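Reading through the structure tokens given below for one structure.
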Amino acid sequence: MRKDIKAPSIYPSILSDSKKTVSRQLGLLRQHQVPFVQLDVIDGFYADNLTLTPSDYAEYEFGQLQVDFHLMVEEPLDYVYEILDHKEKLPVRAIIAQVERMSHQANYVSLVKEVCFLVGLSYDLYTPFESIDASVWPDLDFVQVMGVEAGFQGQQFSSASLELIHQVIKWRADNKLDFKLLVDGGVKPEILDELKTLELDGLVVGSFLWQAENFQNLYDI
């Protein structure tokens, strides 16, 4: 790894429709004093999968955890309003939404910024770089690139995402932007060395993290 590139942080993610599973995973994160968690929300329409909703998550104890919501839904603005309905119980740091089913990116970005959350947009595996409106780039705190097709954990990382990752890195440098770049999905030991050579700020890890025999050792990778 080049000395001028800092190793990306590990961002645990939770994707489940089981309240019992979510309770166990949140408990493990609290136990290890993990600072952030990405909560995946899928509506059954964006992808053929369902998860807990922001309203469901409002029932949990987060302790020191801060929450980044990842919205894989049709019309993410609707879910931003749902999150706001429960903001007193949800320690939200950021909202990151898929661009593919979003009608008004500028409205989404503006609302999230207005309520003082960090805001991000996420590309699915085969979504073109140009899908993020040029006007919103300066306001983004996060840009996320999926290493798998959005909607399910446990998939293998696809090298098809690498071209888009490099496009985003170049755009950030050329335009002197300072958003954090995350890669989500398929992050496993066999690709870590390659991903750590890129100018990434975070790797979002789901199923591999939860299946690890030694959670702390994996989290420290």
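Values quoted throughout were computed directly from the atomic coordinates according to the rules given, and no laboratory measurement underlies them. All values derive from a computational prediction rather than experimental measurement. FYI the Cβ positions are ideal-geometry reconstructions off the backbone, even for glycines, and counts take in every protein chain you see.
More than 20 Å apart: what percent of Cα pairs in the range 110-221 qualify?
43
Taking H as built 1.01 Å from N, whose amide H comes closer than 5 Å to the amide H of Tyr11, not counting residues under 5 places away?
Long-range HN contacts for Tyr11: Leu203, Val204, Val205.
Where both partners of a DSSP beta bridge lie in the chain, what percent of those bridges are antiparallel, to the nearest 5?
In the chain, DSSP labels about 5 percent of beta bridges as antiparallel.
What number, rounded to the nearest 500 deg cm²/dmol, is the helix-based mean residue ellipticity at 222 nm of the chain, given -39500 (n - 2.57) per DSSP H run of at least four residues and division by all its residues?
-8500 deg cm²/dmol
Which distance in nm do the two modelled labels at Lys170 and Gln33 give, with both placed 7 Å along the Cα-to-Cβ direction?
4.3
With a 10 Å Cβ neighbour count serving as the proxy for reagent exposure, in which order, fewest first, do Arg24, Arg101 appear?
Arg24, Arg101
Taking 0.36 nm per intervening residue step and subtracting the Cα-Cα distance, what contour gain separates Leu177 from Ser110 on full extension?
22.4 nm is the gain from fully extending Leu177 to Ser110.
In whole Hz and in residue order, list the ³J(HN,Hα) couplings for the range 162-175 that follow from phi through the Karplus curve 6.51 cos²θ - 1.76 cosθ + 1.60, θ = phi - 60°; x for Gly and Pro.
5, 4, 5, 4, 5, 4, 5, 4, 5, 4, 4, 5, 4, 9
Taking H as built 1.01 Å from N, whose amide H comes closer than 5 Å to the amide H of Ser122, not counting residues under 5 places away?
The answer is Ala97, Gln98, Val99, Gln144.
May I have the count of lysine pairs in the range 9-219 with C-alpha atoms under 29 Å apart, counting pairs 8 or more residues apart or located on different chains?
20
If one computes P(r) from the Cα atoms of the chain, what percent of pairs lie at distances over 32 Å?
Everything past 32 Å amounts to 12 percent.
Please work out the Cα center distance from the range 62-137 to the range 9-59, rounded to the nearest Å.
Going from one Cα centre to the other spans 16 Å.
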